[in-house]
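Asker: Here it is: the structure, laid out below.
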Amino acid sequence: MNDYLLSVVLGIIEGLTEFLPVSSTAHLRISEAIFHISLSDGYWKMYTIVIQLGAILCLPVYFRARLTTFVATFPRGERGDRTPVTHPLGLTIVAFVVTAVPAFLLTRVIGKHLESLGIMGSALVLGGIVMWIVDAAQARAEAAGPRAPGGRIHTWHMEAMSLGQAVWIGACQILSAVFPGTSRSMATIAAGQLAGMSRAAALEFSFFLSIPTMVVATGYDLLKTLRPGGANPLGASHMDSHGWALLAIGFLVSFLVAYGSVAWFMAWVRRRGFAPFAVYRILIGLAVLAWARGFGG
């Protein structure tokens, strides 16, 4: 395949899968096999990180109005009943810290598991089953509405989240760092629903938590890749105009596709929930497991 077309395809895959609960890592690994790309190669490793940053950048652009409101109302919140810790921005940072510290300490475990197709496939299947069960229960609760007596949903909007919910979601997100294929989006959405949040509130917090989590994670990976003497180093001086063009195409395509997928996903979830994504996860996970067996791991 032509390199420029390949860059467009990889940008589309990254943009579509980064925020949907289907694991962008697993899909890029599948793409590696289909298109005969070595993601351990210095350039392509950096390329995947750069296009991921393109997808992440769409979030502050898409949620710019909400972010402006949050900054303007910090620390008391729109209703004046919040603190620096319980304000939505504070809760986002709390969840990020709860995830980041253990994930950093477990970097060796993460590196060991990152290339395991068996773990990736198992995480896709198990995550799909969990998501399906949780969403089925959530569908009944949301159908009952916020005024239903004894309802299990007590947080219908992100602004009403508690500190405990943020800590719980941050802890569950660690699973996606240690076991690629789990999907950071799936982990945070399912965790939010289990903690009594509505689908829309869980999804929105997942998006906001993605901003610091993914910026720091991808930035750290990029620095490791570019660092002289590091694993698969690739300094900018080694790149020609062709390499820069591929990066620019992948970055832009990933940004545009991710922006569209976020807008579509927000509207879809409010009406129909996560069940179709759970089914997709299970099917693609079974395919990855079959593939892993064929390759002996």
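Asker: Of all the residues that make up the stretch 235-279, how many are of a type outside the set (A, V, I, L, M, F, W, C), assigned to a helix (DSSP H, G or I) and surrounded by fewer than 16 Cβ atoms within 10 Å (Cβ to Cβ)? Outline the logic, then answer.
Answerer: Residues of the stretch 235-279 that are of a type outside the set (A, V, I, L, M, F, W, C), as a first pass: 235, 237-238, 240-243, 250, 254, 259-261, 270-273, 276.
Keeping just the survivors that are assigned to a helix (DSSP H, G or I) gives 237-238, 241-243, 250, 254, 259-261, 270-272, 276.
Next cut, surrounded by fewer than 16 Cβ atoms within 10 Å (Cβ to Cβ) only: 237-238, 241-242, 260, 270-272, 276.
The total comes to 9.
Asker: Hey, another quick one. For residues in the stretch 11-51 being touching a Gly at 6+ places or on another chain (Cβ under 6 Å) and not hydroxyl-bearing (Ser, Thr, Tyr), which is nearest to Ala190 (Cα to Cα)?
Answerer: Within the stretch 11-51, the match that is nearest to Ala190 (Cα to Cα) is Ala26.
Asker: Taking the stated definitions as given, is Gln138 at pLDDT below 90, part of a helix (DSSP H, G or I) and polar (S, T, N, Q)? Lay out the reasoning, then the answer.
Answerer: Numbers: at pLDDT below 90: yes; part of a helix (DSSP H, G or I): yes; polar (S, T, N, Q): yes.
Against the criterion (at pLDDT below 90, part of a helix (DSSP H, G or I) and polar (S, T, N, Q)), Gln138 qualifies.
Asker: What's the number of the condition Thr182 fails, among (1) at pLDDT 80 or above; (2) of a type outside the set (A, V, I, L, M); (3) assigned to a helix (DSSP H, G or I)?
Answerer: Going through the list (1) at pLDDT 80 or above; (2) of a type outside the set (A, V, I, L, M); (3) assigned to a helix (DSSP H, G or I), Thr182 breaks only (3).
Asker: Give the residues of the stretch 27-60 that are touching a residue at least 60 places away in the same chain (Cβ under 8 Å), under 28 Å from Trp132 (Cβ atoms), small (Gly, Ala, Ser) and surrounded by fewer than 24 Cβ atoms within 10 Å (Cβ to Cβ), sorted by residue number.
Answerer: The answer is Ala33, and nothing else.
Asker: Moving to a separate point now. Could you look through the stretch 1-23, keep only residues that are free of Cβ contacts under 8 Å to residues at least 60 places away in the same chain and polar (S, T, N, Q), and pick out the one that is farthest from Ile211 (Cα to Cα)?
Answerer: Filtering first and then ranking leaves Asn2.
Asker: When you go through Thr92, Thr99 one by one, which is the residue that is in a helix (DSSP H, G or I), modelled with pLDDT under 95, hydroxyl-bearing (Ser, Thr, Tyr) and closer than 28 Å to Trp168 by Cβ?
Answerer: On the way: Thr92 fails: modelled with pLDDT under 95.
Within the list Thr92, Thr99, the selection yields Thr99.
Asker: Ala231 passes all but one of (1) modelled with pLDDT under 85; (2) within 18 Å of the chain's Cα centre (by Cα); which number fails?
Answerer: Ala231 satisfies every listed condition except (2).
Asker: Right, next: Mind checking which residues of the stretch 196-212 are more than 13 Å from Leu89 (Cβ to Cβ) and in a helix (DSSP H, G or I)?
Answerer: Quick first cut of the stretch 196-212, residues more than 13 Å from Leu89 (Cβ to Cβ) only: 196-204, 206-207, 210.
Passing the criteria: Arg199, Ala200, Ala201, Ala202, Leu203, Glu204, Ser206, Phe207, Ser210.
Asker: Sticking with this structure for a sec: Check Leu6 against each of (1) under 12 Å from Tyr259 (Cα atoms); (2) assigned to a helix (DSSP H, G or I) and name the one condition it does not meet.
Answerer: (1)
Asker: Name the residues in the stretch 36-54 that are at pLDDT below 85 and hydroxyl-bearing (Ser, Thr, Tyr), would you?
Answerer: As a first pass, look at the stretch 36-54 and keep what is at pLDDT below 85: 36-46.
Scanning the stretch 36-54 gives Ser38, Ser40, Tyr43.
Asker: Do any residues in the stretch 80-108 that are closer than 12 Å to Ala166 by Cβ and free of Cβ contacts under 8 Å to residues at least 40 places away in the same chain have Cβ atoms under 9 Å from those of residues that are buried (at least 20 other Cβ atoms within 10 Å of the Cβ) and aliphatic (A, V, I, L, M), where the two are at least six apart or on different chains, and which pairs are they?
Answerer: From residues that are closer than 12 Å to Ala166 by Cβ and free of Cβ contacts under 8 Å to residues at least 40 places away in the same chain, the pairs are Gly90/Ala166.
Asker: A further question on this structure: Looking at the stretch 31-46, can you tell me whether even one residue there is in contact with a Leu (Cβ under 6 Å, 6 or more places away or on another chain), of a type in the set (Phe, Trp, Tyr) and under 21 Å from Ser241 (Cβ atoms)?
Answerer: yes
Asker: Right, something else. So Thr83 clears everything in (1) among the polar types (S, T, N, Q); (2) closer than 15 Å to Glu159 by Cα; (3) touching a Gly at 6+ places or on another chain (Cβ under 8 Å); (4) assigned to a helix (DSSP H, G or I) except one condition, right? Which one?
Answerer: (4)
The values are calculated or read from the model by the stated rules, or taken from the named source; none is laboratory data. Quick caveat: nothing in here was measured; it's all calculated off a predicted structure. All Cβ positions, glycine included, derive from the backbone under ideal geometry; neighbour counts span all protein chains shown.
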